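Input: a single structure, listed below in structure tokens.
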Amino acid sequence: MSRAPAPHLETEILSAYLDGQLSAAERGRVESHLQGCADCARRLAGLRSAIASLQSLDRVEPPAELFAEVRRRAAQVAPESAGGPLAWIAWPARHPGFAGASLAVLATVVALVY
Amino acid sequence: MEGRRLPGPVEAILLETAGAADVDYDLVERHRRGDPRAFEDLYHRFSAMIYNLALRLCGSPEDAADVTQEVFLRVYRHLDGFRARSSLKTWIYQIGLNHCRSRYARRPPPARPLAEDGAEGVAPLRDPAPGPEALAQASETAARVRAALAGMDETFREAVVLRDLEGLEYAEIAAVLGVRLGTVRSRIARGRERLRQALEGA
């Protein structure tokens, strides 16, 4: 029992070990400890198995009709360009004709140049 | 154009997805030029990611659908103002996380996490491939995992979902959560430990 004086490995170390987040030196220390410590080896296996169980949850496709709803609602809101100096010029974009917005910007740019 | 700054350790990891970043940059540019297909492409690129994030963080398909809609409306409105300081993926995850948080902040923590089991997972039972016993066991494991996630402190749940379900790198999680790498490492470990104890019946 008292044959291994090294304290048990912290969960955080075991978890980081699984993700390859340890330095070579730390990894070596972990691996040599694991060889002599059934407790830590068992906890490591438990963590591995917990991750595998988590990853066995189904990945779910979003309902196909969701995009139509997003697009319908998007058509009702104006894109906002985070308060940039040209933001207010883009307001016609709230109307369905996006080309109008581009024209407004273009017109302003032309007006500024000349 | 300008000389590129050499990446630090965090940026180096983020740059691993440089190919993806090119696609993202292209999407944003097309949207800025007024290409209406750009938003649709962007939606299809990221919607499953956000839907599954919300499904696992909030717990129900209804929440996942609502969050997905809200997130992409917000993306639509603010994409023009998106600055490439962070990756598009990180930015969308941040928006998704904020919407999930405001949802579970409105609700008391689940007193009966098993109640959500009926909310999904009926369809997979119809899959004829594995035998009925294997299916029943898989379904039971899934129910226990969902219950463990639901009963977990949300900071641990977020870290574990981003790492083990979404497959993000530590640096990406640090960017999404706005915390240090050491905090990410600690939260992932604590979430996994809770999960291990719950599944081992400790």
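The values are calculated or read from the model by the stated rules, or taken from the named source; none is laboratory data. Everything numeric here is computed off the predicted structure, so don't read it as measured data. Glycine also receives a Cβ, built like all others from the backbone with ideal geometry; neighbour counts cover every protein chain displayed.
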Inset, instruction - Test B:ARG77 against the stated conditions and say whether it is within 30 Å of B:ALA142 (Cα to Cα), basic (Lys, Arg) and assigned to a helix (DSSP H, G or I). - result: no
Legend entry - Wholly enclosed helices (runs of 4 or more DSSP H) of the range B:131-192 bearing at least 3 residues in contact (Cβ under 8 Å) with a residue 12 or more places away in the chain and charged (D, E, K, R): B:154-160
Inset, instruction - Report, ordered by the first and then the second residue, all pairs with beta carbons closer than 6 Å, sequence separation of six or more or different chains, a first member in the range B:22-44 that is of a type in the set (Ser, Thr, Tyr), and a second member that is at pLDDT 90 or above. - result: B:TYR43/A:PHE67; B:TYR43/B:PHE72
Legend entry - helices (runs of 4 or more DSSP H) contained in the range A:1-83 and holding at least 1 residues modelled with pLDDT of 95 or more, of a type in the set (Val, Ile, Thr) and more than 23 Å from B:GLU62 (Cα to Cα): A:11-18, A:24-36, A:38-55
Legend entry - Count of the range B:147-178 residues which are under 20 Å from A:LEU22 (Cβ atoms) and among the β-branched types (Val, Ile, Thr): 2
Inset, instruction - Count, please, the residues in the range B:73-95 that happen to be under 14 Å from B:ALA38 (Cβ atoms) and among the charged types (D, E, K, R). - result: 1
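Yes or no, residue by residue, for (1) loosely packed, with under 15 Cβ neighbours inside 10 Å; (2) away from chain A (no Cβ under 12 Å); (3) modelled with pLDDT under 95; (4) within 15 Å of the chain's Cα centre (by Cα):
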{"position": "B:ALA134", "(1), (2), (3), (4)": "yes, no, yes, no"}
{"position": "B:ALA143", "(1), (2), (3), (4)": "no, no, yes, no"}
{"position": "B:GLY151", "(1), (2), (3), (4)": "no, yes, yes, no"}
{"position": "B:GLU166", "(1), (2), (3), (4)": "no, no, no, yes"}
{"position": "B:ILE173", "(1), (2), (3), (4)": "no, no, no, yes"}
{"position": "B:VAL176", "(1), (2), (3), (4)": "no, yes, no, yes"}
{"position": "B:ARG185", "(1), (2), (3), (4)": "no, no, no, no"}
{"position": "B:LEU195", "(1), (2), (3), (4)": "no, no, no, no"}
Legend entry - Residues within the range B:59-74 that are surrounded by 22 or more Cβ atoms within 10 Å (Cβ to Cβ), more than 7 Å from chain A (Cβ to nearest Cβ) and at pLDDT 95 or above, tallied: 3
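Run down A:SER23, A:SER56, A:SER49 and say which single residue is more than 29 Å from B:MET49 (Cα to Cα), without any contact (Cβ under 8 Å) to a residue 12 or more places away in the chain and either within 13 Å of chain B (Cβ to nearest Cβ) or of a type in the set (Lys, Arg) (or both).
Values: A:SER56 fails: more than 29 Å from B:MET49 (Cα to Cα); A:SER49 fails: more than 29 Å from B:MET49 (Cα to Cα).
Of A:SER23, A:SER56, A:SER49, the one residue that is more than 29 Å from B:MET49 (Cα to Cα), without any contact (Cβ under 8 Å) to a residue 12 or more places away in the chain and either within 13 Å of chain B (Cβ to nearest Cβ) or of a type in the set (Lys, Arg) (or both) is A:SER23.
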Legend entry - Test for A:SER32: is it at the interface with chain B (Cβ under 7 Å from one of its Cβ atoms) and hydroxyl-bearing (Ser, Thr, Tyr): no
Inset, instruction - Mind listing just one residue for me: the one in the range A:23-39 that is under 18 Å from B:ILE188 (Cβ atoms) and more than 25 Å from the chain's Cα centre (by Cα) and, of those, surrounded by the fewest Cβ atoms within 10 Å (Cβ to Cβ)? - result: A:GLU26
